[in-house]
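The values are calculated or read from the model by the stated rules, or taken from the named source; none is laboratory data. None of the values given here were measured: they were computed from a predicted structure. Cβ coordinates were reconstructed from backbone atoms using ideal geometry, including for glycine residues, and neighbour counts include every protein chain displayed. Note: accessible area is taken over every heavy atom of the protein model, side chains too, but ligands, DNA and RNA are not part of it. Shrake-Rupley method; radii C 1.70, N 1.55, O 1.52, S 1.80 Å.
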Amino acid sequence: MFVVASQNGRVGIAAAMQVLRDGGAALDAVEAGIRLVEANPDDHSVGYGGYPNLLGEVELDAAIMDGRDLTGGAVGALKGYPHPISVARKVLEKLPHVFLVGEGAARFAAEMGFESCELLTEPARETWKERLREDLPPDVLAHLTEQPDLWRYVEIATDPERARGTTNFIAQDAQGNLAVGVSTSGWAWKYPGRVGDSPIIGAGLYADNRYGAAACTGTGEMAIRAATAHSVVFYMKMGLSVVEAGQRAMADLNDLGGRYLSGMNLIAVDRAGNHVGFSSRPDAKYLYFTDAMDAPAEAPRLYIPLNERWQRSTSGACSG
Ligand code: GLY
């Protein structure tokens, strides 16, 4: 039994391991761990307290996948519900669908009895306001909601330092079943309705008992385009080790053209429980906790540099 998580999973990884020790399923462990990250107001990349979109609305993405049968549930751009991972789990269990977004996802969350709340905390609101004050003309800021060309301001309001952040959990239970979950508030100051890789099965997460599992944090647009999490598992299916599979999936990202904020982090495991992390940043870490351990430990991620694909616009707006 083990749990592997991104570094911000520290608040939830012990609870996830406890679920496994109590005989719970990998899916339960992943959900329990992620719920605690979602509830952490100090984590501005996930759940309650997450940074909002350009209009100041917190929109959450999450997904969960069961490695036993490749079932999955996901929600995107969900407003007003602090635990998108649990709503995603209900999608998996209750609907003949995989992925709900926006109003439909919120309606379903209400039908499932989830409590809603204001997700935008005062510190997150202050940072959003401050950031926009720095970069947006006052007349635009004063009438942001009515802006007919809001798209022009996404680029200048997108801060490479704050743009990315997400939580990843992978667990294997006593029966050897794998599950993976991902939850995020996405890019800070994103265009309303933007959905990243986190709720997209194959992009932000993938689990298959027969081979292994993987999950991503970083620039979702890259993982969507390269189907990164699925690539890791697919390369294992093709016979590569988990280290080689992750290296190949990271290298694939250098084939992407166009212009985007470049950055990717992966955690990956094989079915035997070998785990590894990868990052395009040096000195990045991830967490692991096996049933033989008393407490979670940190491990370095393999550093795999990626091509830079971002130049900040000097015109004050997107071109084209
Ligand atoms: N990887 C999280 C996101 O891009 O939204």
Any chance SER183 is within 15 Å of the ligand (Cβ to nearest atom) and either among the hydroxyl-bearing types (Ser, Thr, Tyr) or at positive phi (or both)
yes
Condition set assigned to a strand (DSSP E or B) and not hydrophobic (A, V, I, L, M, F, W, C), scope region 73-99, selection nearest to PRO192 (Cα to Cα): answer is GLY76
inquiry  = Going by what's in this entry, would PRO148 be described as more than 14 Å from the ligand (Cβ to nearest atom) and at pLDDT below 95?
reply    = yes
Of the conditions (1) at pLDDT 95 or above; (2) within 11 Å of the ligand (Cβ to nearest atom), the single one that ARG164 does not satisfy is (1)
Over region 243-264, the set of residues part of a helix (DSSP H, G or I) and of a type in the set (D, E, K, R) is GLU244, ARG248, ASP252, ASP255
Checked LYS90, LYS79 against criteria (surrounded by fewer than 24 Cβ atoms within 10 Å (Cβ to Cβ) and under 28 Å from ASN209 (Cβ atoms)); the one match is LYS90
In region 220-231, residues that are farther than 16 Å from THR167 by Cβ and out of contact with any helix residue (DSSP H, G or I) (no Cβ under 7 Å at 6 or more places or on another chain) total 5
Filtering region 203-242 down to residues that are open to solvent by 10 Å² or more (accessible area, probe 1.4 Å), within 16 Å of the ligand (Cβ to nearest atom) and either in a loop (DSSP other than H, G, I, E, B) or of a type in the set (D, E, K, R) (or both) yields GLU221, ARG225, ALA227
Scanning region 269-286 for residues that are open to solvent by less than 40 Å² (accessible area, probe 1.4 Å) and over 12 Å from ALA171 (Cα atoms) gives VAL276, GLY277, PHE278, SER279, SER280, ALA284, TYR286
Scan region 234-256 and tell me whether some residue there is in contact (Cβ under 8 Å) with a residue 60 or more places away in the chain and not basic (Lys, Arg).
no
So, first residue under 15 Å from GLY72 (Cβ atoms) and among the acidic types (Asp, Glu) in region 192-213, second residue near the ligand (Cβ under 9 Å from one of its atoms) and open to solvent by 10 Å² or more (accessible area, probe 1.4 Å), Cβ within less than 6 Å, six or more apart or across chains; the pairs are ASP197/ILE224
- [ ] Determine, yes or no, whether PHE114 is of a type outside the set (Gly, Ala, Ser), touching a residue at least 24 places away in the same chain (Cβ under 8 Å), open to solvent by 40 Å² or more (accessible area, probe 1.4 Å) and touching a Phe, Trp or Tyr at 6+ places or on another chain (Cβ under 6 Å).
- [x] yes
